[in-house]
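Visitor: The following block contains the structure, expressed as structure tokens.
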Amino acid sequence: KAGVTQTPRYLIKTRGQQVTLSCSPISGHRSVSWYQQTPGQGLQFLFEYFSETQRNKGNFPGRFSGRQFSNSRSEMNVSTLELGDSALYLCASSFLAGPGETQYFGPGTRLLVL
Amino acid sequence: AQKVTQAQTEISVVEKEDVTLDCVYETRDTTYYLFWYKQPPSGELVFLIRRNSFDEQNEISGRYSWNFQKSTSSFNFTITASQVVDSAVYFCALSAPLYNFNKFYFGSGTKLNVKP
């Protein structure tokens, strides 16, 4: 079974631009979560989607948004990029969204904002 | 509030040495789940183990073993006879779903360097 895939793997943008990252979960998984990883803040939760609904959201500004499609694929969007948005963005999927389900992570998208 | 502390920022060992990575967690929930993940330089987080709060049995998987102690709120990870391929950043994570569904709280990670 294929793992979680994320596209693109690398991205360079300039301040003020917007970016869309894509995540395809493991086949059959219906929950998708997004995390931001930076050297200073570590791994931080962005949001979680299940059945096209956002169930949980981390402490990030409204410039960060996401959505999930009926096939469970998910996208996250960052508008008006800032230098501090440079990070590794990781997507994770789980079968359902039950308590303590194991999340399986993709390889991430490395975003560099210049 | 939920919190995970990995006090060891970086550890260096020589191949074949045993090494223990510490993880201390905080939660007021009585039902919670603990995880360990490995992050090689490629960036992907690789799942290693999941443990729920009601199961305090230690677990061994090959060269890996985990010691869960609720009394000290710790979930430590030991690699026996370390190998160069074990070099990576290791993360401990907590999920306390009562109020946070499937949100994971990660520790800051421990970078393990295994030298030949």
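None of the figures in this text is laboratory data; all of them are computed from the coordinates on show. Since we're looking at a predicted model, the values are computed, not measured. Cβ atoms come from the backbone with ideal geometry, glycine included; neighbour counts cover every protein chain shown.
Visitor: Do we find a residue being over 11 Å from the mean Cα position of the chain (by Cα), facing another protein chain (nearest Cβ under 10 Å) and of a type in the set (Lys, Arg) anywhere in the range A:11-33?
Guide: Looking through the range A:11-33, none of the residues is over 11 Å from the mean Cα position of the chain (by Cα), facing another protein chain (nearest Cβ under 10 Å) and of a type in the set (Lys, Arg).
Visitor: From the set of residues in the range A:58-94 that are over 27 Å from residue A:17 (Cα atoms) and surrounded by 15 or more Cβ atoms within 10 Å (Cβ to Cβ), which is nearest to the other protein chains (Cβ to nearest Cβ)?
Guide: Here the answer is A:94.
Visitor: Also: Does the range B:49-60 hold any residues that are out of contact with any helix residue (DSSP H, G or I) (no Cβ under 8 Å at 6 or more places or on another chain) and facing chain A (nearest Cβ under 10 Å), and which are they?
Guide: Initial filter on the range B:49-60 (out of contact with any helix residue (DSSP H, G or I) (no Cβ under 8 Å at 6 or more places or on another chain)): B:49-52, B:54-55, B:57-60.
Within the range B:49-60, B:49, B:50, B:51, B:52 meet the criteria.
Visitor: Would you mention how many residues in the range B:44-60 are part of a strand (DSSP E or B) and within 25 Å of residue A:98 (Cβ to Cβ)?
Guide: Matching residues across the range B:44-60 total 8.
Visitor: Among the residues of the range B:24-43, how many are under 17 Å from the mean Cα position of the chain (by Cα), assigned to a loop (DSSP other than H, G, I, E, B) and within 17 Å of residue B:55 (Cα to Cα)?
Guide: Residues that pass the stated criteria total 2.
Visitor: Residues being among the hydrophobic types (A, V, I, L, M, F, W, C), over 19 Å from residue B:27 (Cα atoms) and more than 16 Å from the chain's Cα centre (by Cα): count how many of those fall in the range B:68-109.
Guide: Of all residues in the range B:68-109, those among the hydrophobic types (A, V, I, L, M, F, W, C) come to B:68, B:75, B:77, B:79, B:81, B:84-85, B:88-89, B:91-94, B:96, B:98, B:101, B:104, B:106.
Still in the running and over 19 Å from residue B:27 (Cα atoms): B:77, B:79, B:81, B:84-85, B:88-89.
After this cut, where a residue has to be more than 16 Å from the chain's Cα centre (by Cα) as well, the list is B:81, B:84-85.
Going through the range B:68-109 one residue at a time, the tally reaches 3.
Visitor: Another question about this same structure. Taking residue B:109, is it free of Cβ contacts under 8 Å to residues at least 24 places away in the same chain and closer than 24 Å to residue A:35 by Cα?
Guide: no
Visitor: Scan the range A:46-57 for residues that are facing chain B (nearest Cβ under 9 Å) and either closer than 12 Å to residue B:105 by Cα or touching a residue at least 40 places away in the same chain (Cβ under 8 Å) (or both) and jot them down.
Guide: Once the filter is applied, which keeps residues that are facing chain B (nearest Cβ under 9 Å) and either closer than 12 Å to residue B:105 by Cα or touching a residue at least 40 places away in the same chain (Cβ under 8 Å) (or both), the range A:46-57 yields A:48, A:50, A:55.
Visitor: May I ask you to list the residues in the range B:33-48 that are within 7 Å of chain A (Cβ to nearest Cβ) and farther than 15 Å from residue B:76 by Cα?
Guide: Hits for the range B:33-48 are B:42, B:43, B:44, B:45, B:47.
Visitor: Among the residues of the range A:36-45 satisfying the criterion of being farther than 13 Å from residue A:21 by Cα and touching a residue at least 12 places away in the same chain (Cβ under 8 Å), which is farthest from the other protein chains (Cβ to nearest Cβ)?
Guide: Within the range A:36-45, the match that is farthest from the other protein chains (Cβ to nearest Cβ) is A:38.
Visitor: Which residue is farthest from the other protein chains (Cβ to nearest Cβ), if the candidates are limited to the range A:97-114 and must be of a type in the set (A, V, I, L, M, F, W, C) and assigned to a strand (DSSP E or B)?
Guide: By that ranking, first place goes to A:113.
Visitor: Would you mind listing the strands (runs of 3 or more DSSP E) fully within the range B:61-106 where at least 1 residues are at the interface with chain A (Cβ under 10 Å from one of its Cβ atoms) and surrounded by 13 or more Cβ atoms within 10 Å (Cβ to Cβ)?
Guide: In the range B:61-106, the matching strands (runs of 3 or more DSSP E) lie at B:88-95.
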